[in-house]
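**Student:** Structure in structure tokens, see below.
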Amino acid sequence: MKCSICENAIVPDPTGKEERLMLSSHHLTTLRKEPVKGNRMGKAIKLAGVTQRTVARAIDAPESYISDLVRQRYKAITVPNAHKIAGFFQCSIEDIFPAELS
């Protein structure tokens with residue numbers, strides 16, 4: 001069986017106890033494989049099947065701010081906003097905003 005969003009094979013949780021997370025384990029795997037070119041906001045939004053508006057409302061930020069993040073218009077993000085976004089997607093900050101390697 002394949003995920004309709006990311007086309008990865010879906011491996012069912014053998015315990016049957018997997019919670020419904022914003023990003024499932026196979027979505028996180030897909031996200032982590034995304035080449036690092038700034039942040040992975042756009043990919044996370046696509047994998048989660050949500051809109052930029054949904055993210056903006058959930059973290060109490062302007063939609064334009066989320067749009068600017070998706071379009072890579074910011075080189076940095078504040079720690080509180082990074083925490084809010086990671087909390088929304090239920091993943092680590094590094095999954096969305098990976099460290100740039102020099």
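**Student:** Step by step: first the residues of the stretch 43-99, then only those that are out of contact with any Asp or Glu (no Cβ under 7 Å at 6 or more places or on another chain) and of a type in the set (Phe, Trp, Tyr), then the one that is surrounded by the most Cβ atoms within 10 Å (Cβ to Cβ). Which residue is that?
**Tutor:** That would be Phe89.
**Student:** Those residues that are of a type in the set (Val, Ile, Thr) and out of contact with any helix residue (DSSP H, G or I) (no Cβ under 8 Å at 6 or more places or on another chain), I need them from the stretch 57-78; list them, please.
**Tutor:** Taking the stretch 57-78 as the starting set, the residues that turn out to be of a type in the set (Val, Ile, Thr) are 59, 66, 70, 77-78.
Passing the criteria: only Thr78.
**Student:** Mind checking which helices (runs of 4 or more DSSP H) fall wholly inside the stretch 1-98 and carry at least 1 residues that are at pLDDT 90 or above and among the polar types (S, T, N, Q)?
**Tutor:** Because the criterion is at least 1 residues that are at pLDDT 90 or above and among the polar types (S, T, N, Q), the helices (runs of 4 or more DSSP H) in the stretch 1-98 that meet it are 52-59, 63-70, 79-89.
The values are calculated or read from the model by the stated rules, or taken from the named source; none is laboratory data. Quantities reported herein were computed from a predicted structural model and do not represent experimental measurements. For neighbour counting, all protein chains shown are included, and Cβ atoms are generated from backbone atoms with ideal geometry for every residue, glycine included.
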